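Readers should treat all values here as calculations from the given coordinates under stated rules, not as data from a laboratory. Quantities reported herein were computed from a predicted structural model and do not represent experimental measurements. Here the Cβ positions follow ideal geometry from the backbone for every residue, glycine too, while neighbour counts run over all protein chains shown.
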Amino acid sequence: MAIILVSMAVLGGGYLFYGRWLVKKWGIDPKAKTPAYAHEDGQDYVPAPKSIVFAHQFSTIAGAGPVTGPIIAAMFGWVPALLWILVGGVFFGAVQDFGSLYASVKNEGKSIGLIIEQYIGKTGKRLFLMFCWLFSLLVIAAFGDMVASTFNASAVKAYSLGAPAVVNGATAPGAAAGAISLFYILGAVLFGLFLKYAKPNQAVMFFAGVALFVAMMAAGMAFPVYLNKIQWLLVVFAYIFFAAVVPMWILMQPRDYLSSFLLIFMILGAVVGIFMTNPDMNLKAFTGFQVDGKLLFPTLFVTIACGAISGFHSLVSSGTSSKQVKNEKDMLPIGYGAMVVECVLAVAALVVAGAAAKNGRLPDGTPFQIFSAGVAGFFQKFGMSQYVAKCSMTMCVSALCLTTLDSVARIGRMSMQELLYDEDGKAHTPVTRFLTNKYVSTVVTLLFGFLLSLGGYNNIWSLFGSANQLLGALVLIALAVFLKTTGRQGWMLYVPMTVMLVVTMTALAMAVANIFVKIGAGKFAFLTDGMQLIVAVALMALAVLVAYHCLRKLVEKPEKKRDPAKSAAKDAV
């Protein structure tokens, strides 16, 4: 309880004081016409209420990281993990998320890649977009495999639709969670049509959303769907293709709003459960600078990504959220606030895992299973049945991945299109017109992501973590250039960008070195290790080039402004 209270005080103070200080330093104009209105097209640029955009931002960024990272990093002790979540969240992650949203809204809703082109150059933009596209493939592969594995119920029953199957006295929660997800897609479309044409006020929208949320949960638990992993993988990829190409208002905006009920329900369940039971922290405060051959630096800072800083968040802030903001004053709660709430989830995951530990050791199972079991136990103490508690938590955990998947599919498609566009932002040759077609670019992106997912997320998770943090470092450097070029103060980004650049390049270099060790030992597997080696080297090379172009612009002395009177006199002479 003490850990939760202190963490909430630190994070809340960071939002109220540091976040507002950034607003004062950078400046916002509540009367300015935002890109959502200036470029409204009914597809990507769609003005939405603050609550809708916050729900989209939070649902998308709250992926697997804030649960997985802190629990894995607890091997070094709960104190180092907690300190990095709090310090990283307030001064690194929330600043990057808010800064990316701010820069995009101030630049016509452009993505970070196009902002780099505007302030750094075309070469920097193309290198960055290549990096982003490769990174989106890793996210799609890792999270797609996670969702399919969670919903996989082939060991319980062959493909069927009907009453819950009982295995050893308990119902398989994955099948029910999969069914809930399908109902969520249908419900989101109906809710999107309701919002579009009925235009309800905030209160009606909230109560209608709660009612639909309860109905979808009940329907999914009553009619679970039993598919094997490959079948679920195909369903997931079909869904994210659909989500990537349809207008924002018909699926992503309503789904993210409805998913926010699920995620906030999970966070409240964890926090309230901790307050009600006040469990002991059974993990050691600090176990050492090296554990199981892994060094605290850089492992801790790469393992805890989304709960402290995640480069992926910047793609969401500048790729989708910035195109929905109705008023510039909404940027702080959306950008900085959503990250603060995610940090609360990361702290809750650490505490729940600590409560489940025995004799300083975590129970067997994946981080998701440990967290889900812990929070489900809290729900059962509140009187919820074991079946409902397990189904609810399984759906909550899978929703973390699904809400990330549908956005990253869209972002990956946009990155590929922007990479292939000519200088005027259009495709002119037959080949580029074909490849930049909305449907073709989405299929190409998802195809490579699908092939990577066949190797399983365990084979690419470490690479994903390093690439994710490296993306954060590059974005911070690019934001520093933007702030300097536009006459705003950006010195508060210098320490975070330097720390993250050193951390991530060290982690990637160590990953490459480990692969070469496998080659020397004759344990090299081309399908998994070879793919990782190629992607890791490509990401490092692209990162070095992007950082070089950005840093050169950052240290470049500003041009001296000419005095018109002196210039005229000189010209006359």
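Quick look at the values:
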| read-out | value |
| --- | --- |
| Packing-based ranking, highest mean first, of 55-61, 377-383, 226-232, 109-115 given that Cβ atoms within 10 Å are counted | 55-61, 109-115, 226-232, 377-383 |
| Loop-located trypsin sites (Lys or Arg not before Pro) in the range 268-338 whose Cβ has at most 12 other Cβ within 10 Å (DSSP) | none |
| Nonlocal amide H pairs with Tyr226, under 5 Å, H built at 1.01 Å | Ser160 |
| Rounded to 10°, Cα long-axis angle of helix 531-555 versus longest principal axis of the chain | 40 degrees |
| Cross-link partners of Lys329 among lysines (Cα-Cα below 16 Å; sequence separation of 8 or more within a chain) | Lys24, Lys25, Lys31, Lys33, Lys50, Lys106 |
| Between 0 and 90°, nearest 10: helix 338-356 axis offset from the chain longest Cα axis | 30 degrees |
| Stretchable slack from Thr277 to Gln43, in nm (0.36 nm times residue separation minus alpha-carbon distance) | 79.6 nm |
| Kirkwood hydrodynamic radius of the range 397-474, from inverse mean 1/r over distinct Cα pairs, in Å | 14.3 Å |
| Ala373 paired with Phe289, simple spin-label distance in nm, labels 7 Å along Cα-to-beta-carbon | 3.4 nm |
| Shape call, the range 269-317: gyration tensor on alpha carbons, a/c limit 1.5 | oblate |
| Most to least packed among 144-152, 505-513 [average Cβ atoms within 10 Å] | 144-152, 505-513 |
| Convex hull of the chain built on C-alpha atoms - directionally averaged projected area, nm² | 29.6 nm² |
